[in-house]
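Single-structure report; data block below.
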Amino acid sequence: MAAVQLKTVKFGGSSLADAAQFRKVKAIIESDPGRCFVVPSAPGKRHSKDVKVTDMLYQCQQLAAEGKDFSQTLAQIRERYMEIANTLSVSFDPTAALEKIEADLKAGASKDYAASRGEYLNGMLLSEYLGFPFVDAAEVVCFTEAGVFRMDDTMQKMRARLKGLERAVVPGFYGATDDGRIITFSRGGSDVTGSLVARATRSDIYENWTDVSGVLVADPRIVPDAAVINTVTYEELRELSYMGATVLHEDAIFPVRAAGIPINIRNTNEPEAPGTFIVADDSAESDVETGYTITGIAGKKGFCAINIQKAMMNAELGFCRKVLTVLEDNGISFEHMPSGIDTMTLILPEDAIRGKEKTVLSGIRKAVSPDRCEIEHGISLLAVVGRGMRRTRGTAARIFAALAHARINIKMIDQGSSELNIIIGLLDGDFEEAVRRIYEIFITGASVTVDED
């Protein structure tokens, strides 16, 4: 008989949006005795026109800060929780907690405090429904007064608090400073809490339950019915997350990666689906064949390119440093920097340079006296990621052939020494078609021929 694997399970907002979803969550937990530590998010949208509880709490805080009445919104929040509790025949009543939240908001409580209360209330409701002890994340997730997360202190407090508990519910998304001031992670931070609980409890697996059946090869809004990735490494997922894939909060990777705990992305609405395993780069599971050369395709719009040209640029000492100093002086970070003998291009976010274009161009001209310096807007970055590319010849050629066949012009190419990804710059208008063409050639097996004309 196989030993029971200890699991930390995190459920997202869509998984806990209403009573029907709560029932699914309970069935999932009770189907596996190893699912002992549960991390819930706040209730999400029940339908496309619905409002998340967290957003309603933000609204309450904003109205309170403006000295306006927010009782109606608070009543709607109470109604959400009461509807779930009554349908499930749970005695949980959020009235007293909401009265305290109301008083705290009127006294000037922060946005972080307001946002965290959705997880706090949902954690108490879920713990009563499951019959598990409730552990307030404010007691075990530690931040400095400046809002910086403290890993070592968190592990020490969390392990001490959970020691001796066979099961527990720990709400996600927030923690506190030593004096009790609530601090939240960035949006989607319940994923991070889940990974912290998994590490603190030394779980064998961290299951992250959401509304998709794993990490998809491509954005389903661009490629309907995109294939699910069965196994992806931490390194690959970092690359995909950085380029816009949003199934998992990217900071959730680090706590479990250090402990060698795999993450399993699962679908609450299709619990029989195996989902995607996220594993260490050097683990045995990382060698499992996906069946495809590439692991995933992801990308983002909203970039621009600063194109610089100067004869004999490569012979001018400190040229690159001088250009980058101009960006630094203007508080701008760049994404990529492809270059040639007499040319250099800086790819950076449109938002970062907006309103600073003239200042930046003037600074570059003054610093290095280029023959030409201009900004090109409307650039997208697309990343093709996969550990299989390291051992497969001709991957880049297939990518470029697919784009050439679609008459898509490539503005930039960048590949790191790890050969884990190829990043392509192209015009915003070509982005979706580029994703489709690359998906077709690698996943659906389409062949391409490049026109010579």
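Which one is farthest from residue 235 (Cα to Cα) among residues in the range 407-427 that are open to solvent by less than 40 Å² (accessible area, probe 1.4 Å) and modelled with pLDDT of 90 or more? Only one residue tops the list, namely 408. Pairs linking a residue in the range 1-24 that is farther than 21 Å from residue 263 by Cβ to a residue that is of a type in the set (Phe, Trp, Tyr), with Cβ atoms under 7 Å and 6 or more positions apart or on different chains, are 22/129.
Are any residues in the range 313-339 outside any helix (DSSP H, G or I) and of a type in the set (D, E, K, R), and if so, which ones?
Kept after step one, since they are outside any helix (DSSP H, G or I), are these residues of the range 313-339: 316-318, 330-339.
Within the range 313-339, 316, 335 meet the criteria.
Which one is most open to solvent (accessible area, probe 1.4 Å) among residues in the range 43-94 that are part of a loop (DSSP other than H, G, I, E, B) and among the acidic types (Asp, Glu)? It comes out as 69.
Condition first: open to solvent by 10 Å² or more (accessible area, probe 1.4 Å), over 18 Å from residue 6 (Cα atoms) and part of a helix (DSSP H, G or I). Now tell me which residues in the range 128-152 satisfy that. 128, 129, 138, 139, 151, 152, listed by residue number.
Do the conditions hold for residue 125, that is, is it touching a Pro at 6+ places or on another chain (Cβ under 8 Å) and either assigned to a helix (DSSP H, G or I) or under 20 Å from residue 181 (Cα atoms) (or both)? Even if it seems obvious, please write down each step before you answer.
Numbers: touching a Pro at 6+ places or on another chain (Cβ under 8 Å): yes; either assigned to a helix (DSSP H, G or I) or under 20 Å from residue 181 (Cα atoms) (or both): yes.
For residue 125, the condition - touching a Pro at 6+ places or on another chain (Cβ under 8 Å) and either assigned to a helix (DSSP H, G or I) or under 20 Å from residue 181 (Cα atoms) (or both) - is met.
Inspection of the range 153-169 identifies no residue that is in contact with a strand residue (DSSP E or B) (Cβ under 7 Å, 6 or more places away or on another chain), under 20 Å from residue 266 (Cα atoms) and open to solvent by 10 Å² or more (accessible area, probe 1.4 Å). Scan the range 266-282 and tell me whether some residue there is modelled with pLDDT under 85, in contact with a Phe, Trp or Tyr (Cβ under 6 Å, 6 or more places away or on another chain) and among the hydroxyl-bearing types (Ser, Thr, Tyr). No: zero hits. If you go through the range 334-360 and keep only what is over 30 Å from the mean Cα position of the chain (by Cα), open to solvent by less than 70 Å² (accessible area, probe 1.4 Å) and among the hydroxyl-bearing types (Ser, Thr, Tyr), you end up with just 343.
So that you can scan it fast, the table gives a plain yes or no per residue for (1) buried (at least 21 other Cβ atoms within 10 Å of the Cβ); (2) of a type outside the set (A, V, I, L, M); (3) touching a Gly at 6+ places or on another chain (Cβ under 7 Å); (4) at negative phi:
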residue	(1), (2), (3), (4)
297	yes, no, no, yes
315	no, no, no, yes
324	no, no, no, yes
328	no, yes, no, yes
332	no, no, no, yes
370	yes, yes, no, yes
378	no, yes, no, no
382	yes, no, yes, yes
405	no, yes, no, yes
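Among the conditions (1) within 23 Å of residue 233 (Cα to Cα); (2) touching a helix residue (DSSP H, G or I) at 6+ places or on another chain (Cβ under 8 Å), residue 435 misses just one, which is (2). The C-beta contact set for the range 95-106 (first residue surrounded by fewer than 16 Cβ atoms within 10 Å (Cβ to Cβ), second residue in a helix (DSSP H, G or I) and at pLDDT 95 or above, distance under 8 angstrom, 6+ apart or interchain) comprises 95/78; 106/64. Contact map, the range 138-156: residues that are more than 20 Å from residue 191 (Cβ to Cβ) paired with residues that are part of a loop (DSSP other than H, G, I, E, B), Cβ distance under 7 Å, separation 6+ or inter-chain. Pairs shown: 144/150; 144/177; 145/177. With respect to residue 432, determine if the residue is under 23 Å from the mean Cα position of the chain (by Cα) and among the acidic types (Asp, Glu). Yes, satisfied.
Could we say that residue 109 is of a type in the set (A, V, I, L, M) and either under 26 Å from residue 210 (Cβ atoms) or open to solvent by 60 Å² or more (accessible area, probe 1.4 Å) (or both) here? Criteria not met by residue 109.
The values are calculated or read from the model by the stated rules, or taken from the named source; none is laboratory data. For clarity, every value in this text was computed on a predicted model and none was experimentally measured. Backbone-built Cβ (ideal geometry, glycine too); neighbour counts: all protein chains shown. Quick note on the areas: whole protein, heavy atoms, side chains included, nothing else; ligands and nucleic acids left out. Shrake-Rupley method; radii C 1.70, N 1.55, O 1.52, S 1.80 Å.
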